Amino acid sequence: MKATDRKYWKLGLFYYNPDDPAIFVEKRFGIGFDFNWAHRKSYYYLIMILCGTILFTGLVTYLVGKL
């Protein structure tokens, strides 16, 4: 079982393998990592990243409005 097996890549972009305990896997192409979308914790990481981005954007917008 390798992360490079085509059968685990949905649409060639999303890694989905319920038998793989890893949350992050190396990207199929390029540099970096992807989520294993079959792992429940990947969704928690995605939510944390989105909330952080929204909070940062809101803070910057607020601070720029004060200038």
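In the chain, a dipole from Cβ-located charges (positive for Lys and Arg, negative for Asp and Glu) runs towards its positive end, and of 23, 43, 13 it is 13 whose Cα lies farthest in that direction. Counting only Cβ charges, +1 for Lys and Arg and -1 for Asp and Glu, the dipole size of the chain around its Cα centre is about 100 debye. Here the accessible area of the chain is 68 percent carbon and sulfur, with a 1.4 angstrom probe and all protein chains present. With a cut-off of 20 Å on the backbone N, the residues of segment 36-65 near the modelled label site 7 Å out from residue 16 along Cα-Cβ are 36-47.
For a test of understanding, tell me how many lysine pairs in the chain have Cα atoms under 23 Å apart, given they are 8 or more places apart or on different chains. Here the count comes out as 8. Between the amide H of residue 33 and those of 27, distances stay under 5 Å, these residues lying 5 or more places away or on another chain, with hydrogens modeled in the peptide plane.
Let me check against my output: what whole-number percent is the relative contact order of the chain, with C-alpha pairs under 8 Å and at least 6 apart?
22
The calculated Kirkwood hydrodynamic radius for the chain is 13.7 Å, given to one decimal from all distinct C-alpha pairs.
The values are calculated or read from the model by the stated rules, or taken from the named source; none is laboratory data. All values reported here derive from a predicted model rather than from experimental measurement. We place every Cβ from the backbone using ideal geometry, glycine too, and count neighbours over all the protein chains shown. Only protein heavy atoms, including side chains, enter the accessible area calculation; ligands, DNA and RNA are left aside. Shrake-Rupley method; radii C 1.70, N 1.55, O 1.52, S 1.80 Å.
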